[in-house]
Amino acid sequence: QVQLVESGGGLVQPGGSLRLSCAASGSDFSLYTMGWYHQAPGKQRELVADITSDGTTTYADSVKGRFTISRDNAKNSGYLQMSSLEPEDTGVYYCNTYPPRNLWWGQGTQVTVSS
């Protein structure tokens, strides 16, 4: 059974930074394209960034230039470095494959951007 555990969220002021982590167990996550997803309050979950097994990255326009996705295949882990955070970045962040596997969603990690 695959388990994805996100961590690193918190409360941060606008313009601040956070680094999210995703730890995978139960599967060799390095085989998959990994995505980070954002669910804002009252909205659907959406993909913000993804990274292929060999490190090719893609970003949503809303985070381009502010967020950096990375992965450590040896650790079966992924990361999302978030900078210049805006109130609109508030929400729960999840990691999963891209496209996502519905049974693999974890609990996510809450990010709140507020002064």
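The values are calculated or read from the model by the stated rules, or taken from the named source; none is laboratory data. Just so you know, these numbers come straight off a predicted model, no measurement behind them. Note that each Cβ is placed from the backbone with ideal geometry, even for glycine, and that neighbours are counted across all protein chains shown. Heads up: the accessible areas ignore ligands, DNA and RNA and are worked out on the full protein's heavy atoms, side chains in. Shrake-Rupley method; radii C 1.70, N 1.55, O 1.52, S 1.80 Å.
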Just a yes or no: is a residue in segment 88-106 surrounded by 13 or more Cβ atoms within 10 Å (Cβ to Cβ), in contact with a helix residue (DSSP H, G or I) (Cβ under 9 Å, 6 or more places away or on another chain), small (Gly, Ala, Ser) and touching a residue at least 40 places away in the same chain (Cβ under 8 Å)? no
Test: Gln3 is of a type outside the set (Asp, Glu), without any contact (Cβ under 8 Å) to a residue 12 or more places away in the chain and either closer than 16 Å to Asp72 by Cβ or open to solvent by 70 Å² or more (accessible area, probe 1.4 Å) (or both): no
Of the residues that make up segment 60-78, is at least one in contact with a Gly (Cβ under 9 Å, 6 or more places away or on another chain), among the small types (Gly, Ala, Ser) and part of a loop (DSSP other than H, G, I, E, B)? no
Would you be able to tell me the number of residues in segment 23-40 that are out of contact with any Cys (no Cβ under 7 Å at 6 or more places or on another chain), closer than 14 Å to Asn76 by Cβ and not small (Gly, Ala, Ser)? 4
Would you mind stating whether Asp50 is in a strand (DSSP E or B), modelled with pLDDT of 95 or more and charged (D, E, K, R)? yes
In segment 26-41, anything within 20 Å of Asp54 (Cα to Cα), among the small types (Gly, Ala, Ser) and at pLDDT 95 or above is listed as Gly35
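Table: residues versus (1) open to solvent by 50 Å² or more (accessible area, probe 1.4 Å); (2) among the polar types (S, T, N, Q); (3) within 27 Å of Glu88 (Cβ to Cβ).
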residue: Ser27; (1), (2), (3): no, yes, no
residue: Thr33; (1), (2), (3): no, yes, yes
residue: Tyr37; (1), (2), (3): no, no, yes
residue: Gly42; (1), (2), (3): yes, no, yes
residue: Asp54; (1), (2), (3): yes, no, no
residue: Gly65; (1), (2), (3): yes, no, yes
residue: Ile69; (1), (2), (3): no, no, yes
residue: Asn73; (1), (2), (3): yes, yes, no
Count, please, the residues in segment 9-22 that happen to be open to solvent by 50 Å² or more (accessible area, probe 1.4 Å) and either of a type in the set (Lys, Arg) or not in a loop (DSSP other than H, G, I, E, B) (or both). 2
